[in-house]
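Report on the following structure.
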Amino acid sequence: MDLRFLRIRVFYRLLSPFSARSRSKRMLNFIHLTGAKEGVSIIDLGGQPMIWDSIESPLEITILNLPGIARISRQSHHHIEYVVGDACNVTDYEDGSFDIVFSNSVIEHVGGPAARLDFAREVRRLGRAYWVQTPCKYFPIEAHNGMPFWWFYPSALRQAMIARWKKKLPEWTEMIEGTDIVSRDELERLFPEGKILVERFLGLLKSYIVFRGPVGFAGTAA
């Protein structure tokens, strides 16, 4: 095994149990803040079905994803429909087609500022309530590649590391290279009517969630 890339594999293995607990807590907040329940229609932009496993109540979920990754063969207690499409230009659905629009760690992958503006427009257009989560650059460990303080490296150093990774792990590196972290200020501009919820781990900023829903947040939205 190439020891240069062993760190990446170890990072994802160690991250798995923490990610599962974090997702479970996040999904409980999602249910509370958006009023998601049986009979409510949800569209998951750019998602995968696994994130819904921790929610016991069966939901009506449409998962929209790019060609080739839209459908995953697995059983679920939810009613899940898979559709192929572009989350920045959802042409198959009219305004307000869903009760809730959901997105987890997607907006940082859609492209530059113009693409994120298109993505936000579709989120706000498609549903009455929404929930959009994205990692925070101030968390010490970058959520996608496991590098400490990745977003504070000089650009030239990041590009040199990406070039090295690309030789061994091209598909993974393409995902890393296409990640453009989103600031809280930008989220507030993209979703002006939304509320910001800050997720923390050991007191450290971990991610931001911007949401709009029928239920007020019984806690502290920072």
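The values are calculated or read from the model by the stated rules, or taken from the named source; none is laboratory data. Values in this document were obtained by computation on a predicted structure and should not be read as measured data. Here Cβ is always computed from backbone atoms with ideal geometry, including for glycine, and neighbour counts include all displayed protein chains.
Checking Asn145 against (1) modelled with pLDDT under 80; (2) under 30 Å from Gly213 (Cα atoms): exactly one of these is not met. Which one?
(2)
Cβ-Cβ under 6 Å, sequence separation 6+ or interchain: first residue in the stretch 39-59 and without any contact (Cβ under 8 Å) to a residue 60 or more places away in the chain, partner hydroxyl-bearing (Ser, Thr, Tyr) and surrounded by fewer than 18 Cβ atoms within 10 Å (Cβ to Cβ). Which pairs?
The qualifying pairs are Pro49/Ser76; Ser54/Ser24.
Can you name every residue in the stretch 150-159 that is modelled with pLDDT of 80 or more and within 26 Å of Phe201 (Cβ to Cβ)?
Within the stretch 150-159, Tyr153, Leu157, Arg158 qualify.
Give the number of residues within the stretch 136-183 that are in contact (Cβ under 8 Å) with a residue 24 or more places away in the chain and polar (S, T, N, Q).
Result for the stretch 136-183: 3.
Given the condition closer than 19 Å to His77 by Cβ, at pLDDT below 70 and of a type outside the set (Ser, Thr, Tyr), answer yes or no: does some residue in the stretch 15-22 qualify? Give the derivation first.
The initial filter retains those residues of the stretch 15-22 that are closer than 19 Å to His77 by Cβ, namely 20.
Narrowing further to those that are at pLDDT below 70: 20.
Filter again for of a type outside the set (Ser, Thr, Tyr), leaving 20.
Among the residues of the stretch 15-22, at least one is closer than 19 Å to His77 by Cβ, at pLDDT below 70 and of a type outside the set (Ser, Thr, Tyr), which makes the answer yes.
Considering only the stretch 85-136, how many residues are among the hydroxyl-bearing types (Ser, Thr, Tyr), in contact with a Leu (Cβ under 9 Å, 6 or more places away or on another chain) and either part of a strand (DSSP E or B) or buried (at least 23 other Cβ atoms within 10 Å of the Cβ) (or both)?
Residues that pass the stated criteria total 2.
If you scan the stretch 160-216, which residues turn out to be among the hydroxyl-bearing types (Ser, Thr, Tyr) and modelled with pLDDT under 90? Quick ask: steps written out before the conclusion?
We begin by selecting, within the stretch 160-216, every residue among the hydroxyl-bearing types (Ser, Thr, Tyr); these are 173, 179, 183, 207-208.
Matches in the stretch 160-216: Thr173, Thr179.
Return the residue satisfying two criteria in turn: it lies in the stretch 137-160 and is among the aromatic types (Phe, Trp, Tyr) and closer than 12 Å to Thr179 by Cα, and of such residues it is surrounded by the fewest Cβ atoms within 10 Å (Cβ to Cβ).
That would be Trp151.
When you check Val123 against the structure, is it among the hydrophobic types (A, V, I, L, M, F, W, C) and modelled with pLDDT under 95, yes or no?
Considered against the rule, which asks whether it is among the hydrophobic types (A, V, I, L, M, F, W, C) and modelled with pLDDT under 95, Val123 comes out as no.
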